[in-house]
Amino acid sequence: MSISSVSRKQLILEIAGKVKLPCDLKRHLSPRTVGTIMRSLPLDGNSHLMGKNIVYFETSVDSGIERSRSEFEKGDVAFLPSTGSFCFFVGPVESVKNMTPIGKFQDDNNELKNVKSGDVLRLYEETT
């Protein structure tokens, strides 16, 4: 049973063949960007690592910057419009690039720390 609402959309972040993590997009953080993303689902791409604390994958989603921030905590999800990338923060980061905050993910076992560059990441809405 989904606990999604108008303001929060529950998604699954899947590391292909390994694990599925709950991920919430929160419309109040960046309404225009989250709306664009929801209309683009499902999304997938090869993972990349930026330092030790950011796992990301590039998409064709096209959305400008909205409510930009450069400081993020473990569990934050952000969108980098210049590359259409979804960024998942596995630790605290002060980024040199401003990003659009879009949600949170749960990773109690630090599974994203084990992601290797090239692993396939999928973001989708779970259907029952």
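The values are calculated or read from the model by the stated rules, or taken from the named source; none is laboratory data. A quick note: this is a predicted structure, and the numbers were derived from the prediction, not measured. Using ideal geometry, Cβ is built from the backbone for each residue, glycine included, and neighbour counts are taken over all protein chains shown.
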>> Which pairs turn up if I take residues in region 43-55 that are of a type in the set (A, V, I, L, M, F, W, C) and look for partners that are buried (at least 19 other Cβ atoms within 10 Å of the Cβ) and outside any strand (DSSP E or B) with beta carbon separation below 8 Å, at least 6 apart in sequence or on another chain?
In response: Leu43/Ile37; Leu49/Val115; Ile54/Val90; Val55/Val90; Val55/Leu112; Val55/Val115
>> So, in region 88-128, exactly how many residues are assigned to a strand (DSSP E or B), in contact with an Asp or Glu (Cβ under 8 Å, 6 or more places away or on another chain) and free of Cβ contacts under 8 Å to residues at least 60 places away in the same chain?
In response: 4
>> Residue under question is Val34, and the condition is that it be part of a helix (DSSP H, G or I), within 13 Å of the chain's Cα centre (by Cα) and not small (Gly, Ala, Ser); does it hold?
In response: yes
> Exactly one of (1) in a loop (DSSP other than H, G, I, E, B); (2) touching a strand residue (DSSP E or B) at 6+ places or on another chain (Cβ under 8 Å); (3) not aliphatic (A, V, I, L, M) is unmet by His48. Its number?
Replying inline: (1)
>> Can you say whether Glu73 is touching an Asp or Glu at 6+ places or on another chain (Cβ under 6 Å) and either touching a residue at least 12 places away in the same chain (Cβ under 8 Å) or surrounded by 14 or more Cβ atoms within 10 Å (Cβ to Cβ) (or both), as far as the supplied structure shows?
In response: no
>> Conditions first: (1) modelled with pLDDT of 95 or more; (2) under 19 Å from Leu121 (Cα atoms); (3) not aromatic (Phe, Trp, Tyr). Asn109 passes all but one, so which condition is the exception?
In response: (1)
> So, of the residues in region 47-64 that are closer than 20 Å to Thr33 by Cβ and of a type in the set (A, V, I, L, M, F, W, C), which turns out to be surrounded by the fewest Cβ atoms within 10 Å (Cβ to Cβ)?
Replying inline: Met50
